[in-house]
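Asker: Below is one structure. I have some questions about it.
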Amino acid sequence: MHGKQVRVYLDGRNVSSNISQVTTDLDVDVHDVTTFASSGWKESTSGLYGWTGSIEGFHDSSSTGFTDQIQDAVGGAGSGDAVLSWFDGDADGVGDVGFLGSEAVITQMATPISVADIIKLTANFQGNGRAGPGARLLHPLSSSTAGSSGASVDNLVETANGGRGTLHVMAVTGAWPWRVTHSSDDTSFAALVTFTNSSSTGAETIEVTGTVKRYLRYSLATSSAGVTDWVMGFARY
């Protein structure tokens, strides 16, 4: 898969046209537990897990533009912690694979300036909780004007370790109840993740525990007239 086919979402914005690079890293602390009985070989054990991320793009001087969005979110200020997701395959098909970050603090923003280059913008993320690599896209970025249910993603088997659902809302009028639903038979679906019934742009990421059934899809109802642009994914643990 070529990098040009990746689409990146940050809170309530599709930042694919603002950035040229995204990096998401999973890491684990490693501790030395070597003893005299280790026969001259080092021994290690794992500790705390975490994830970090970074983006590199282009400075945007417009009011409420990409730069303002990053600037307002540094240190968890403004709208709070940031929600970062990406999907491959142009993020235009149900089942495309990607990454769902837990809520993250933007720890650093930089705007390197060179006389011979376009003004850049970089930002670093520190995750707050478990990330979701191997996520599946349940709803590509598009508009909805009425309630609907999506095509299902078949994961072949159910799993027992929970997962993470993420919703990005780019534009909205009215109020919409978004859900991730799951099923054992691709016929009878039950709610797995219920997002906040919101009438504002932004993002929400929710972690669930326990059984995730074989089939996943989105469910959307309308609680008032309107239109919304949104994208949703789910990652099994």
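The values are calculated or read from the model by the stated rules, or taken from the named source; none is laboratory data. This structure is a prediction, so every number in the text was calculated from the model and none was measured. Every residue, glycine as well, gets a Cβ built from its backbone with ideal geometry; the counts of neighbours run over all protein chains shown. Protein only, heavy atoms only, side chains kept; ligands, DNA and RNA dropped before computing areas. Shrake-Rupley method; radii C 1.70, N 1.55, O 1.52, S 1.80 Å.
Asker: What residue among Ser114, Ala135, Gly174 has its Cα farthest toward the positive end of the dipole of the chain, where the charges are +1 on Lys, Arg and -1 on Asp, Glu, each on the Cβ?
Answerer: Gly174
Asker: Additional query: Helix-only estimate, please: 222 nm mean residue ellipticity of the chain, summing -39500 (n - 2.57) across DSSP H runs of length 4 or more and dividing by its residues, to the nearest 500. Each step should come with its number before you reach the end.
Answerer: On the way: 1 runs with 8 residues, N = 237.
About -1000 deg cm²/dmol.
Asker: Multiply the residue gap between Asp27 and Gln108 by 0.36 nm, knock off their C-alpha separation, and tell me the result in nm, one decimal place.
Answerer: Working: separation 81, 0.36 × 81 = 29.16 nm, distance 1.89 nm.
Working it through step by step, the gained length comes to 27.3 nm.
Asker: So, taking all protein chains as they sit and a 1.4 Å probe, how much accessible area belongs to Phe99, in Å² rounded to tens?
Answerer: Probe radius 1.4 Å; accessible area of Phe99 about 10 Å².
Asker: Could you look at the chain and say what percent of its accessible area is carbon and sulfur, using a 1.4 Å probe and all protein chains?
Answerer: 49
Asker: Rounded to the nearest 0.05, what FRET efficiency do Tyr49 and Asp92 have when you use their Cβ-Cβ distance and R0 = 30 Å?
Answerer: 0.40
Asker: Explain nothing, just compute: Karplus ³J(HN,Hα) = 6.51 cos²θ - 1.76 cosθ + 1.60, θ = phi - 60°, for every residue of the range 96-104 in order, whole Hz, x for Gly and Pro.
Answerer: 4, 9, x, 9, 10, x, 5, 4, 9
Asker: I would also like to ask the following. What residues of the range 126-142 lie in the reach of a label at Asn161, counting those whose backbone N is under 14 Å from a point 7 Å from the Cα along Cα→Cβ?
Answerer: Those under the cut-off are 130-135.
Asker: Provide the per residue accessible area, probe 1.4 Å, for the chain, rounded to a whole number of square angstrom. Each step should come with its number before you reach the end.
Answerer: Values: 11720 Å² over 237 residues.
It amounts to 49 Å² per residue over the chain.
Asker: Here's a follow-up. Got a sec? What order do Lys213, Lys42, Lys120, Lys4 fall in by accessible area at 1.4 Å, biggest, i.e. largest, first?
Answerer: Sorted by accessible area, descending: Lys42, Lys4, Lys213, Lys120.
Asker: Another question, then. Efficiency by 1/(1 + (r/R0)^6): what FRET value for Thr196 and His59, r their Cβ-Cβ distance, R0 = 45 Å, to the nearest 0.05?
Answerer: Efficiency, rounded to the nearest 0.05: 0.90.
Asker: Read phi for every residue in the range 106-119 and hand back ³J(HN,Hα) as whole Hz from Karplus 6.51 cos²θ - 1.76 cosθ + 1.60, θ = phi - 60°, with x for Gly and Pro.
Answerer: Per-residue couplings from phi come out as 7, 8, 7, 10, 9, 10, x, 10, 10, 5, 9, 8, 5, 5 Hz.
Asker: Ok, one more. Whole-Hz Karplus ³J(HN,Hα) for the range 201-214, in order, using 6.51 cos²θ - 1.76 cosθ + 1.60 and θ = phi - 60°, x for Gly and Pro?
Answerer: Those phi angles translate into 6, x, 8, 9, 10, 10, 9, 10, 10, x, 6, 10, 5, 4 Hz.
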